[in-house]
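Structure, as structure tokens:
The values are calculated or read from the model by the stated rules, or taken from the named source; none is laboratory data. No experiment lies behind these values; they were computed from the predicted model shown. Backbone-built Cβ (ideal geometry, glycine too); neighbour counts: all protein chains shown. Just so you know, the surface numbers come from the protein's heavy atoms only, side chains and all, with ligands and any DNA or RNA stripped out. Shrake-Rupley method; radii C 1.70, N 1.55, O 1.52, S 1.80 Å.
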Amino acid sequence: MRNISRQIYFYDTKLKTYDKVKNSFIEVSDFQEDITKLFDSLDELQYDKKDLQNSRYLQKANGTYDFIKSMK
């Protein structure tokens, strides 16, 4: 049997909006609906290494891939 080494990363997400007057990003306090829409749009992406622009995969410099999996 072949041994495969894997790393799993978890990320905390904060939603920010750009304020032109302050020229900076401001954290959105009531972001639940917007963040749900964001993750729903990610769920529509396919696992497709041939079309990386419209895929859940991200090809890394070393030739391996990371991918997005939302956990609702």
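Within the span defined as the range 14-23, one or more residues are loosely packed, with under 10 Cβ neighbours inside 10 Å and of a type in the set (S, T, N, Q).
Taking ILE8, is it within 14 Å of the chain's Cα centre (by Cα) and either among the polar types (S, T, N, Q) or open to solvent by less than 100 Å² (accessible area, probe 1.4 Å) (or both)? It is false that ILE8 is within 14 Å of the chain's Cα centre (by Cα) and either among the polar types (S, T, N, Q) or open to solvent by less than 100 Å² (accessible area, probe 1.4 Å) (or both). Any chance the range 29-43 includes a residue that's within 30 Å of THR64 (Cβ to Cβ), surrounded by 10 or more Cβ atoms within 10 Å (Cβ to Cβ) and of a type in the set (Phe, Trp, Tyr)? Scanning the range 29-43, I find at least one residue that is within 30 Å of THR64 (Cβ to Cβ), surrounded by 10 or more Cβ atoms within 10 Å (Cβ to Cβ) and of a type in the set (Phe, Trp, Tyr), so the answer is yes.
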